[in-house]
Each structure stands twice: as C-alpha cells, then as structure tokens.
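To keep things clear, I will list the structure first and then write my remarks on it.
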Amino acid sequence: MTVEPATARRLDGAAAAADIRARIRPRVEAFTARAGRAPKLGILLAGNDPGSEIYVRNKMKNSAELGMDSDLRRLTESASLADALAIVREFNDSDAHDGILVQSPLPAGMGSDAEQQVFDAIAPGKDVDGFNPANVGRLVQKRPALAPCTPSGIMDLLDREKIAISGARAVVIGRSDIVGKPMAMLLLHRNATVTICHSRTVNLPAVAASADILVAAIGRAAFVTRDFVKPGATVIDVGMNRLDDREQVEALFGAGSRKLAAFDKRGSVVTGDVHPEVTSVAGALTPVPGGVGPLTIAMLLANTVRAAEDRLAG
Ligand code: NAP
C-alpha cells in the first residue's frame, strides 16, 4: 500500500475576503442612505513604482465594487515631502473623505523619514492603515483602534477557519511596523503566547518549530523550510516575492508544476516566504497568491467603512 504524503489544508484568503466584503456591503448602503454620500477613501500615490500602481488600482476597483468612493491624487517622482503633506492635510480637513491611504513606498527623494512624517500627519480617525502613532498606541493598549490591515485580515482568517488562538504558541517571523509587530499584538490580545523573531534570532528554525501558529512576514522567497514547522501547525505566509529566475522556480516547485507553467507564460511568478515542501508538514497553510493578499484589501475597505461610521456618529 502506498501512503500519500500529507497535504496541509489550504486556507483560502480569497473566500475569506469575499466574506468580509459581504459583511461590509450592507454597512456601506446604510451609511450612504444616512449620510447622503458613499464612504470615501482619499489615496495619495507618489512616484512611478509599478507595484504601487497595481495595488492602488486594485484598491480602487474593490472599493467601487462595494459602492464606495475613492479619490486618487498623484504626485510625480520629483515631488517634495511638503507636497505630500499638503495633500494629507487637505484629506484631513475634508468633510467628504473618511479614510486616507498613502501608498508606500514614497519616492526616495522625499527623504528617509518621509513615510514616518506622512503617517504622523494623518488624522488618527481617518488613518485606515493604522500606522499613525495614536492608533499604534491604542492597539498596544487594546483600546478600539484602526489596526493595520494585513494582521487584522489574518486574525479574521484564523477565526473563520476556527483555528484556536487562546493558549496557542504563536511565532511571528518579522518585526515590521506594518505586519510583524501589530500581528504579534493582535495575537497577544487573543491570549496566544507570542514570540517575535527577526534577523538576529538565534536558532530560528527551532524557535519557529515551537509554534502552533507560525506567521512568516520576512520578504525572502521559500525561506521557511520544513524544519521551521511543527507537524500540524497553522502557517500563515505573508511574503510576496517576485521570482524571475526560471531555474529557481523549477528547483522550488518542480518541472511539471503550475508555478513553472505560469512562469513560462509571464516571465515571473510571485511566491511566499514559505517553502512549498511545508505543505507536507503543516496542518493548514495560506497559499501565495490567494492567501493574505486579498484579506489586506478587504480589511482596508472595512477600516474605511468603520472610519466613516465613526465620523457620522460624531
Ligand atoms: P520588512 O519591513 O522588510 O521586514 C522584514 C522582517 O523580516 C524584518 O523584521 C527582518 O528582521 C526579518 N528578516 C529578514 N531577514 C530575516 C532572516 N534571515 N531571518 C529572520 N528574520 C528576517 O517587511 P514587511 O513590510 O513586514 O513585509 C514582509 C513580507 O510581507 C514582504 O514580502 C512583503 O511584500 C509582504 N507583505 C505582504 C502583504 C500582503 O498583503 N500579502 C502586506 C504587507 C507585506 P530585522 O528587523 O532584524 O531586519
């Protein structure tokens, strides 16, 4: 008798995102009926980053599909930090804008602390990315706050998939302000025992392998191999890494794989931080693409509706 290798349950981020959107839709309708206008997201896009163009287009398309408005302001690559701050102030002061999104990265010419300054300037009540220090502080204190979209979406997915969080050991690899740190905080608030790892963590695979819930937010393709994963663990792959080397794609996914076929069609593929071999060890795993990515946009819309409702309620 041949024994098939185990395959982790696929955690479908696209389906979870559709659920989130379905929950938002009636709230958009109710807000629109009461306010006489749709919730509106102000977006600042500065520079020529091709990835940012795609992200912004998707965010606008998704908000329009839910009956929400968006207002895109563009700045050129050579625009100054003062130009960006002026647009943020205009959005802050506007009665018609409920949420503000500044697409990262800002052009390098704006200076190394430009994003920090821009996030600091966003009115906390309109800070739908949850990056303003007021919202970060409120999140840490477990007070109601607009929380960063990617980790909020992951929490929604874990609940939807009935993954036990309270009492679980959770390991988050990555300590960025947008993913790693808020992820750890949200898991902690739900009574997980949380460890945050980073590039200086000693014996990382062993630490990661203690996790019932392992979140990889690193930005290195296929970095998390099977030795990082406790058998049966839930693995959340946040990484989005573009591969444009055919040999690397073939080595990772195999000669007859769908990824390689996609590469041959498009000349590149996107893959996560988790190695494909992890599917034979983990109990549940998010795919890339189709895992965390769709959740992030759905949560951005959820935060925008929430900001709009809170403003209407005064
Ligand atoms: P980031 O700011 O670059 O942070 C990466 C983190 O990984 C850092 O804390 C870094 O540690 C850690 N790291 C790097 N190399 C490591 C190593 N060898 N061992 C252990 N830790 C290591 O990245 P980010 O913004 O959090 O994003 C992470 C990934 O998620 C990226 O691929 C990004 O594209 C993706 N992402 C996806 C979504 C989505 O919607 N799907 C949203 C956001 C981000 P140090 O702090 O020590 O340097």
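The values are calculated or read from the model by the stated rules, or taken from the named source; none is laboratory data. Predicted, not measured: the structure shown is a model, and the values here were computed from it. Virtual Cβ from ideal backbone geometry, glycine too; neighbours counted across all protein chains shown. Each accessible area value is taken on the protein alone, full model and side chains, heavy atoms only, with ligands, DNA and RNA left out. Shrake-Rupley method; radii C 1.70, N 1.55, O 1.52, S 1.80 Å.
Condition check ((1) assigned to a helix (DSSP H, G or I); (2) free of Cβ contacts under 8 Å to residues at least 24 places away in the same chain; (3) of a type in the set (Val, Ile, Thr)) across all residues:
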site	(1), (2), (3)
LYS59	yes, no, no
ARG73	no, no, no
PHE91	yes, no, no
LEU139	yes, no, no
THR150	yes, no, yes
Inset, instruction - Kindly indicate the residue of segment 154-167 that is touching a Lys or Arg at 6+ places or on another chain (Cβ under 9 Å) and not in a helix (DSSP H, G or I) and also nearest to the ligand (Cβ to nearest atom) among those meeting that condition. - result: GLU161
Legend entry - Within segment 140-153, considering residues that are more than 16 Å from the ligand (Cβ to nearest atom) and open to solvent by 20 Å² or more (accessible area, probe 1.4 Å), the one nearest to ALA307 (Cα to Cα): PRO144
Inset, instruction - Return only the number of the condition from (1) of a type outside the set (Val, Ile, Thr); (2) assigned to a strand (DSSP E or B); (3) farther than 20 Å from ALA284 by Cβ that ALA170 does not satisfy. - result: (3)
Legend entry - Unmet requirement for GLU115, which otherwise passes all of (1) more than 12 Å from the ligand (Cβ to nearest atom); (2) over 20 Å from GLY239 (Cβ atoms); (3) open to solvent by 10 Å² or more (accessible area, probe 1.4 Å): (1)
Legend entry - Residue list for segment 168-183, restricted to those being open to solvent by less than 20 Å² (accessible area, probe 1.4 Å), near the ligand (Cβ under 6 Å from one of its atoms), under 20 Å from ASP120 (Cα atoms) and touching a Gly at 6+ places or on another chain (Cβ under 9 Å): GLY180
Legend entry - Among the residues listed as ASP127, ASP71, the single one being of a type in the set (Asp, Glu) and within 27 Å of LEU188 (Cβ to Cβ): ASP127
Inset, instruction - Go through segment 277-314 and count every residue that is in contact with a strand residue (DSSP E or B) (Cβ under 9 Å, 6 or more places away or on another chain) and among the hydrophobic types (A, V, I, L, M, F, W, C). - result: 12
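Conditions tested, residue by residue: (1) farther than 24 Å from ASP12 by Cβ; (2) in the same structural domain as ASN92 (by TED's automatic domain parsing); (3) of a type outside the set (Gly, Ala, Ser).
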site	(1), (2), (3)
SER104	yes, yes, no
GLY111	yes, yes, no
PRO133	yes, no, yes
ASP159	no, no, yes
ILE178	no, no, yes
THR193	yes, no, yes
Inset, instruction - For ARG200, state whether it is within 13 Å of the ligand (Cβ to nearest atom) and either open to solvent by 60 Å² or more (accessible area, probe 1.4 Å) or modelled with pLDDT under 95 (or both). - result: yes
